[in-house]
Amino acid sequence: MKNSGLLWWISAFVLAAAAGFLTYGLLTTSVPAEASGTDNANTTPVIVAAVDIPFRRSIREEDLIVRNLAQDAVPEGAALTMDQVVGKMSTIDLFTNEPILTQQLVTPDVVTQQVALSVPDGKVVISVPTQSKLISNRLIRPGDHIDLMATFSVEVIRPQGQGPLPTSISLLQDLEIHAIILPATTVEEGPEGMIGQEGGVFRTADEGGQSVLLAVDAQDALSVRHILDVGGAIDLALRPTRDQTVAETTAVDQFYLADKYEIDLDRR
């Protein structure tokens, strides 16, 4: 009897141990690869949205998480690494837990012919014709910041009568060049002699079509348009990198120059 009782306890212990190992095995295999931190041979880590990401906003690393998906559930073009996504913007709204597709991403500072995709909210893009040598000599690139200067005539009343007075002003400051349009005859430096693959630079058959595309407020766009329509000239000045200062300027005309340089305008 004693031997049979001992055998019973040994059998019970063995069965309990086997059940414990079986339970442990089932639990460890049922833990998702994402939670366990290990990759399952049948899954692929992909980049998904951790939050809703609106259309045309630069994507940050904190907006993203890595999630292991079954290999047959990974969509074509799914981003597999953070550097494929961070700093880009989506051409559509993205939603939480949605895999990020590389074909839906563009680089914010590289403007394609779908210019509308890269227009900042609240802005409009205008084309400003300018014969600036900074542009024709390829000393300015998309993404550089500039100031716009304008010269136009205003009607003034003076003792000797009414007439036009050429005046120069600082029209707009700290504008980012959205894109550049160059005549097809412009000579491009470099071994290839081509700029067809440079983002934000486009060609035109119009020899006088050199211009810059700028994203501005709607009211500023009207100011630029009016100056051009009344025959004014617009030029640009290149800003230092990361200079966001706004300078106080004074309109320049012949009277300003006469005061500054002590020029006698009364030559009687």
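Between amide H atoms placed 1.01 Å from N, distances below 5 Å from residue 236 occur with 149, all of them 5 or more places distant or on a separate chain.
Between residue 261 and residue 226, the distance separating the two model label sites (each 7 Å from Cα on the Cα→Cβ line) works out to 3.0 nm.
Hey, with R₀ at 25 Å, roughly what FRET efficiency would residue 123 and residue 52 work out to, going by the Cβ-Cβ distance, to 0.05? List each step's numbers first, then the result.
Details: r = 23 Å, r/R0 = 0.92.
For residue 123 and residue 52, the calculated efficiency is 0.60.
Paramagnetic label reach from residue 252 (point 7 Å along Cα→Cβ; backbone nitrogen cut-off under 16 Å): within segment 138-181, residues 147-153, 166-173.
Tell me whether segment 115-261 comes out rounded, prolate or oblate; compute the Cα gyration tensor, take square roots of the eigenvalues as a ≥ b ≥ c, and use a/c under 1.5 as the rounded threshold. It comes out prolate by the Cα gyration axes.
What are the semi-axes of the equivalent ellipsoid of segment 34-106, taken as the square roots of 5 times the eigenvalues of the Cα gyration tensor, listed largest first and rounded to whole Å?
21, 12, 10
No lab work stands behind these numbers, since they all come straight from the coordinates. Source: prediction; values computed, not measured. We place every Cβ from the backbone using ideal geometry, glycine too, and count neighbours over all the protein chains shown.
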